[in-house]
Amino acid sequence: MTTPSLLPSDNPRVPAAEHPFRHAVDVQTRFTDIDILGHVNNNVYLSMMDLAKVSYFEAITEGQMTIRDIRAVVVNINCDFFEPSYFNEPLQVWTAVTHIGHRSFTLEQRVVNANSLRTKCIGRTTLAGFDPATASGADLDPVLTAAVVKFEQRTF
């Protein structure tokens, strides 16, 4: 487990975290991720966050659930950008669940410089319960919900 962090920021535009982040994963920047100005392209952050989602789910379930066992689909993604990232900059994606309902939950993810912890962007993703057998919405899996509560060490 990563040492929990509220990821404080000296940038007044970056909102303070409401809960500590307990999971971080290093992400790699590839040559094709860079735009003509030398910045990481904004679309790439979503891919980084997607990789971090998989790592988060594996961590919270302690290997008891695979990604195929996560019966939820992405229904909304929002991302706010605060400062650019550059090639070879050490980046991490920090992930926390910020809300759990009966049929959906929300992840907050922050892409940060691994050394300075400066926040590059904040993504919020809502995932809704899904039953692949009926191809329709469903309540969240109580096993997944319990794993989140245990990992995040708080009630929702």
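The values are calculated or read from the model by the stated rules, or taken from the named source; none is laboratory data. Owing to the predicted nature of the structure, the values given are computational and were not obtained by experimental measurement. Note: ideal-geometry Cβ built from the backbone for every residue, glycine included; neighbour counts use all protein chains shown. Heads up: the accessible areas ignore ligands, DNA and RNA and are worked out on the full protein's heavy atoms, side chains in. Shrake-Rupley method; radii C 1.70, N 1.55, O 1.52, S 1.80 Å.
Side notes on the structure shown:
- Pairs of Cα atoms nearer than 8 Å and 6+ residues apart set the relative contact order; for the chain it is 24 percent.
- Put simply, the C-alpha atoms of the range 81-134 give a gyration tensor, and the ellipsoid matching it has half-axes of 30, 11, 9 Å, longest first.
- Per residue, the convex hull spanned by the Cα atoms of the chain measures out at 118 cubic angstrom.
- 13 Å beta-carbon shell around residue 100, net charge (K/R +1, D/E -1): -1
- Angle of helix 142-152 to the longest C-alpha principal axis of the chain, folded into 0 to 90 degrees and rounded to 10: 40°.
- Largest GNM mean-square fluctuation among 95, 134, 145, using the chain with Cα springs under 10 Å: 134.
- For the range 1-64, the Rg and Dmax computed from alpha carbons only, in angstrom: 14.5, 43
- Measuring only protein heavy atoms, the 1.4 Å probe finds residue 62 accessible over about 120 Å².
- Structure remark: mean-square fluctuation, Gaussian network model of the chain, C-alpha springs under 10 Å; the largest value among 135, 17, 52 belongs to 135.
- Largest-first ordering by accessible area, 1.4 Å probe, given options 102, 19: 102, 19
- Cα-based helix-to-principal-axis angle, 42-60 vs the chain, degrees rounded to 10: 40 degrees
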